[in-house]
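Asks: Right, I'll just put the structure down here and ask away after.
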Amino acid sequence: MINITFPDGSVRSYEQGVTGLQIAESISPALARDVLSCAVNGETVELNRPIDKDSKVQLFKWEDNEGKHSFWHTSAHLLAEALQELYPGIQFGFGPAIENGFFYDVLLKDGESIKESDFPKIEAKMKELAGKKEPVVRKEISKKDALKDFGDAGQTYKCEHIDQDLEDGTITTYTQGSFTDLCKGPHLLNTGAIKAVKLTSVAGAFWRGDATREQMQRLYGISFPKKKMLDEYLVMLEEAKKRDHRKIGKEMELFMFSERVGKGLPIWLPKGTELRLRLQDMLRKIQRRYGYQEVITPHIGSKNLYVTSGHYAHYGKDSFQPIHTPEEDEEYMLKPMNCPHHCEVFAWKPRSYKDLPLRIAEFGTVYRYEQSGELHGLTRVRSFTQDDAHIFCRPDQVKSEFVRVIDIIQTVFSTFNFSDDNVEVQISLRDPEDTEKYIGSDEIWNTAEQAIIDACKEKGLKARVEYGEAAFYGPKLDFMVKDAIGRRWQLGTIQVDYNLPQRFKLEYTADDNSKQVPVMIHRAPFGSMERFCAVLIEHTAGHFPLWLTPDQVSVLPISEKYNDYAKKVAKYLDQQGVRANVDDRNEKIGRKIRDNELKRVPYMVIVGEKESAEGLVSMRKQGGGEQATMTMEDFATRINNEVAEQLKATVIQPE
């Protein structure tokens, strides 16, 4: 007999060789019907994998990310199986599960390609194969046999992957029907659970991400255990299209891209710049209350700086290539990270324990070379500004600093209505079975990990603990938020770092006069200004809070005769701190109203003969809501009172 320990700490005894499915059946038939995969001692595996020793076991259903991953991983293989039947001679690259669904990279023979018009027949074939409830069979295989089997099948890219990346004793295949794939798993027991599938898009993707290699086609898809779930997802997709930050950003004139400037390099237009600066000012006010000091560092740095930090070795391929200065024989790089510069700020003069914690903040622009096929609006760019800060502290200060950063992140989230119910928190700790790969002593790690756990408890955060997910340089805390239509985004992050202080030989004088290495904490509540703005645009559909929106009021003269009065109204509002513009185009008032609705301007004031004669404005709220006529003074007071109430509710009133 072996003992199985469940996540709640309870223990049950089973015969050696018991499977995850049998464990689920012993608990309840309903659970056995719903379970998709399981974790054995932290490793997610299929439900038919025998368990031979005392183990910790967790069962995953659709509601769990791990369950979805297994479901979508099998769906990727189902897609490939369907393509193999429909397109003889097709070549397969990689086909993983992703956060929302799956993709498979493929190359058709003779220069053929798959078009969106082909999606219905591919989906029909996938449903046909899924209906056969084909078992998914795992097999361990030698490298020699793997090369032979995939070579005989004519799979050139699979053979290259086997030859270059895989070793004997590590290779497994999964077979369903007539399709066999290289894979580590995990998978469903059979394809029968896949009841609804939808291919969502097709894009280009270079083999291995190498622009010098062949360009394959990447087919994206998603699947569900119930058709109703797919229907709901498609409704959400339609809503997401309406909220696409690229579409709304163009309509509101927030940002642009220029091929002449370069791919992935956003240009913030005047209205977008106002939005972004207002966000930065908000965070500045919050940071000042928590003792941060702001710095500005260069957009480039010596290559040696990033060699010292380790960023060149780890991220050099994702950075722009070094800039050579022939006269001085020096090399510089566009800044990929702010943290090495902040280490130099710490090191520029002697530090005492009395100086700690030292909190250094910067809205620092960094540059990463993203493949052109990976670029996407503001969410994947080559130039972005991080709301970066680095805290240098003593080990005994880690918990209190984490609590303070959590306070800042929660303030940011509540400001934009990312409620606690929609926030997922993950604590990433060391793998207790393999501590050798981490920098720092066991004592320091244990102190930091416990500090993070205690900080979350103190703040009432229901955090999920994941072992083995910590960075090699320290544990971390990540915040995922759901937006207004249920999509998950990673925004805030806090990371402990023992690596950089050692690399830069940072030290402070302790109270016993000894020299000690500080702990470094990275934090970024927004993550990057670009990505946060994209998320905020899509979360609000462009309907920003009144205090934040670039244009609070549009003044619309009924005809050109009233343009001067409209400008007088706008000037008065501006003097009262209300952001107003005048739409004095020679257009009918109905067209002006529609255009300003499209720009999401919260208030419109219409002025004509009566308003001009009596010093009034006719107010119209965005969306065709409330309408009223009032004096300029009363309208300005209304706007300012509404802004003041919003700021009061968001805890970011003036200091």
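The values are calculated or read from the model by the stated rules, or taken from the named source; none is laboratory data. Note that the structure is a prediction, hence the values are computed from the model and not measured. So basically every Cβ, Gly included, is an ideal-geometry build from the backbone, and we count neighbours across all protein chains shown. With ligands, DNA and RNA removed, areas are computed over all heavy atoms of the protein, side chains included. Shrake-Rupley method; radii C 1.70, N 1.55, O 1.52, S 1.80 Å.
Asks: Looking for something polar (S, T, N, Q) and touching a residue at least 12 places away in the same chain (Cβ under 8 Å) - is there at least one such residue anywhere in the range 266-286?
Replies: yes
Asks: Quick one: F206 ticks every box in (1) more than 30 Å from E597 (Cβ to Cβ); (2) surrounded by 14 or more Cβ atoms within 10 Å (Cβ to Cβ); (3) without any contact (Cβ under 8 Å) to a residue 12 or more places away in the chain except a single one, so which number is it?
Replies: Unmet condition: (3).
Asks: Continuing with the same structure: For the range 420-434, check the following and say yes or no: at least one residue is in contact (Cβ under 8 Å) with a residue 60 or more places away in the chain and under 16 Å from the mean Cα position of the chain (by Cα).
Replies: Checking the range 420-434: at least one residue is in contact (Cβ under 8 Å) with a residue 60 or more places away in the chain and under 16 Å from the mean Cα position of the chain (by Cα).
Asks: Inside the range 576-598, can you point out the residues that are over 34 Å from the mean Cα position of the chain (by Cα), part of a helix (DSSP H, G or I) and of a type in the set (A, V, I, L, M)?
Replies: I589, I593
Asks: Can you list residue pairs whose Cβ atoms sit under 6 Å apart, with the first residue in the range 469-489 being among the small types (G, A, S) and the second being modelled with pLDDT of 80 or more and open to solvent by less than 10 Å² (accessible area, probe 1.4 Å)? Count only pairs 6 or more apart in sequence or on different chains.
Replies: Note: pairs meeting the criteria are A470/S428; A470/L429; G474/V496; G474/D497.
Asks: To continue, here is another question. Can you confirm whether the range 435-445 contains a residue that is closer than 21 Å to P395 by Cβ, at pLDDT 85 or above and either of a type in the set (A, V, I, L, M) or out of contact with any Ser or Thr (no Cβ under 9 Å at 6 or more places or on another chain) (or both)?
Replies: Checked against the condition, which is being closer than 21 Å to P395 by Cβ, at pLDDT 85 or above and either of a type in the set (A, V, I, L, M) or out of contact with any Ser or Thr (no Cβ under 9 Å at 6 or more places or on another chain) (or both), the range 435-445 yields no hits at all.
Asks: Now a separate question. Go through the range 126-151 and give me each residue that's surrounded by 14 or more Cβ atoms within 10 Å (Cβ to Cβ) and in a loop (DSSP other than H, G, I, E, B).
Replies: Hits for the range 126-151 are E134, V136, I141.
Asks: Restricting to the range 152-164, name every residue that is open to solvent by 40 Å² or more (accessible area, probe 1.4 Å) and either of a type outside the set (A, V, I, L, M, F, W, C) or at pLDDT 95 or above (or both).
Replies: Answer for the range 152-164, where residues must be open to solvent by 40 Å² or more (accessible area, probe 1.4 Å) and either of a type outside the set (A, V, I, L, M, F, W, C) or at pLDDT 95 or above (or both): D152, T156, D163, Q164.
Asks: Same structure again: What pairs can you find where one residue is in the range 511-540 and within 15 Å of C393 (Cα to Cα) and open to solvent by 30 Å² or more (accessible area, probe 1.4 Å), the other is among the hydrophobic types (A, V, I, L, M, F, W, C) and modelled with pLDDT of 90 or more, and their Cβ atoms are less than 6 Å apart, with a gap of 6+ or different chains?
Replies: Pairs found: Q516/A510.
Asks: Quick check on the range 98-120: of everything there that is assigned to a loop (DSSP other than H, G, I, E, B) and open to solvent by 70 Å² or more (accessible area, probe 1.4 Å), which residue is nearest to R218 (Cα to Cα)?
Replies: K115
Asks: Looking at the range 167-207, which of the residues that are among the aliphatic types (A, V, I, L, M) and part of a strand (DSSP E or B) is farthest from K148 (Cα to Cα)?
Replies: A196
Asks: Restricting the range 191-203 to residues that are in contact with a strand residue (DSSP E or B) (Cβ under 8 Å, 6 or more places away or on another chain) and either surrounded by 20 or more Cβ atoms within 10 Å (Cβ to Cβ) or modelled with pLDDT of 95 or more (or both), which is nearest to K109 (Cα to Cα)?
Replies: Among residues in the range 191-203 that are in contact with a strand residue (DSSP E or B) (Cβ under 8 Å, 6 or more places away or on another chain) and either surrounded by 20 or more Cβ atoms within 10 Å (Cβ to Cβ) or modelled with pLDDT of 95 or more (or both), the one nearest to K109 (Cα to Cα) is L199.
Quick grid of which residues meet (1) among the aliphatic types (A, V, I, L, M); (2) closer than 15 Å to K482 by Cβ; (3) open to solvent by 30 Å² or more (accessible area, probe 1.4 Å); (4) in a loop (DSSP other than H, G, I, E, B):
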residue: S414; (1), (2), (3), (4): no, yes, yes, no
residue: N417; (1), (2), (3), (4): no, yes, yes, yes
residue: Q426; (1), (2), (3), (4): no, yes, yes, no
residue: P432; (1), (2), (3), (4): no, no, yes, yes
residue: I444; (1), (2), (3), (4): yes, no, yes, no
residue: I453; (1), (2), (3), (4): yes, no, yes, no
residue: K457; (1), (2), (3), (4): no, no, yes, no
residue: G460; (1), (2), (3), (4): no, no, yes, yes
residue: V465; (1), (2), (3), (4): yes, no, yes, no
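Asks: Given the criterion among the charged types (D, E, K, R), touching a residue at least 12 places away in the same chain (Cβ under 8 Å) and surrounded by 19 or more Cβ atoms within 10 Å (Cβ to Cβ), identify the matching residue among E85, E46, E66.
Replies: Going through E85, E46, E66 in turn, the sole match is E46.
Asks: Considering E167, E123, which residue is crowded, with 18+ Cβ neighbours inside 10 Å and either modelled with pLDDT under 95 or of a type outside the set (K, R) (or both)?
Replies: E123
Asks: Restricting to the range 541-566, and then to whatever is in contact with a Pro (Cβ under 8 Å, 6 or more places away or on another chain) and among the β-branched types (V, I, T), can you tell me which residue is surrounded by the most Cβ atoms within 10 Å (Cβ to Cβ)?
Replies: V553
Asks: Within the range 397-425, track down each residue that is polar (S, T, N, Q) and at pLDDT 90 or above.
Replies: Passing the criteria: Q397, S400.
Asks: Sticking with this one: Within 24 Å of I248 (Cβ to Cβ), open to solvent by 30 Å² or more (accessible area, probe 1.4 Å) and either hydrophobic (A, V, I, L, M, F, W, C) or assigned to a strand (DSSP E or B) (or both): does that describe R620?
Replies: Spelling it out, R620 is indeed within 24 Å of I248 (Cβ to Cβ), open to solvent by 30 Å² or more (accessible area, probe 1.4 Å) and either hydrophobic (A, V, I, L, M, F, W, C) or assigned to a strand (DSSP E or B) (or both).
Asks: Here is a further query. What number of residues within the range 25-37 are without any contact (Cβ under 8 Å) to a residue 40 or more places away in the chain and within 14 Å of L189 (Cα to Cα)?
Replies: Residues flagged as without any contact (Cβ under 8 Å) to a residue 40 or more places away in the chain and within 14 Å of L189 (Cα to Cα) within the range 25-37 amount to 4.
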